[in-house]
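One structure is given here, and the rest of the page talks about it.
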Amino acid sequence: MRILLQRVTTAQVTVDGQVVGRIDPAAAGVPHGLLALVGVTHTDTEETAKSLADKTFRLRVLDGERSAADLNAPILVVSQFTLYANTAKGRRPSWNAAAPGPVAEPLIDAFAGALRDLGATVATGKFGAHMRIDLTNDGPVTVLLEG
């Protein structure tokens, strides 16, 4: 599993002109939130999802070297199979390392559910949809987690 985390001041996901997921940290009284772009590969398990959810929630990349857990900062979770692009040969990426939808979707759900179980406020995108993501990356701070 790969998670590309971005520290954001705002983020939202739109599908077919409708906002399906949105975080507004300022409205929650915190300076930042996290956008988590999540890719799943064939060997990932629910344990992988839970472990990386804990890492995401406790990673100290927010204001004052604090975590989402410390600040009660919201997290927007968006599936992103393209994190497993293989660009080693040619100019057309291969997606063979990305898990297929029936494998990936439950693990994305498990990741978001594990964050909620930890106490996080979580919004999500829509699995398999063409999504437009609008965000304001702050810092910028972008971190890649792998499990």
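The values are calculated or read from the model by the stated rules, or taken from the named source; none is laboratory data. If you're wondering where the values come from, they're calculated on a predicted model, not measured in any experiment. Quick reminder, even Gly has a Cβ in these numbers, built from the backbone with ideal geometry, and neighbours come from all protein chains shown. Surface areas here come from the heavy atoms of the whole protein model, side chains and all, with no ligands, DNA or RNA. Shrake-Rupley method; radii C 1.70, N 1.55, O 1.52, S 1.80 Å.
Which of (1) at pLDDT 95 or above; (2) open to solvent by 20 Å² or more (accessible area, probe 1.4 Å); (3) touching a Pro at 6+ places or on another chain (Cβ under 6 Å) is the odd one out, the single condition Gln6 does not satisfy?
(3)
Working carefully through the options Leu107, Leu144, find the one that is surrounded by 13 or more Cβ atoms within 10 Å (Cβ to Cβ) and either among the hydrophobic types (A, V, I, L, M, F, W, C) or without any contact (Cβ under 8 Å) to a residue 40 or more places away in the chain (or both).
Only one candidate passes the filter, namely Leu107.
Return the pair list, or none, for Cβ contacts closer than 8 Å from residues in region 12-38 that are over 23 Å from Thr142 (Cβ atoms) and at pLDDT 95 or above to residues that are open to solvent by 60 Å² or more (accessible area, probe 1.4 Å) and not in a helix (DSSP H, G or I), at least 6 apart or on different chains.
Val15/Lys126; Val15/His130; Val15/Arg132
From the list Glu105, Glu146, which one is modelled with pLDDT of 95 or more and closer than 26 Å to Thr14 by Cβ?
Sole residue among the options that is modelled with pLDDT of 95 or more and closer than 26 Å to Thr14 by Cβ: Glu105.
Ala27 fails exactly one of the following numbered conditions: (1) touching a strand residue (DSSP E or B) at 6+ places or on another chain (Cβ under 7 Å); (2) open to solvent by 70 Å² or more (accessible area, probe 1.4 Å). What is the number of that condition?
Single failed check for Ala27: (1).
Can you report the number of residues in region 110-130 which are more than 22 Å from His32 (Cα to Cα), touching a residue at least 60 places away in the same chain (Cβ under 8 Å) and among the hydrophobic types (A, V, I, L, M, F, W, C)?
2
Here's a check for you: in region 37-77, which residue that is among the basic types (Lys, Arg) and in a helix (DSSP H, G or I) is farthest from Ile108 (Cα to Cα)?
Once the filter is applied, the top-ranked residue is Arg58.
For Thr41, only one of the following conditions fails: (1) free of Cβ contacts under 8 Å to residues at least 60 places away in the same chain; (2) surrounded by fewer than 18 Cβ atoms within 10 Å (Cβ to Cβ). What is its number?
With respect to (1) free of Cβ contacts under 8 Å to residues at least 60 places away in the same chain; (2) surrounded by fewer than 18 Cβ atoms within 10 Å (Cβ to Cβ), Thr41 is out only on (2).
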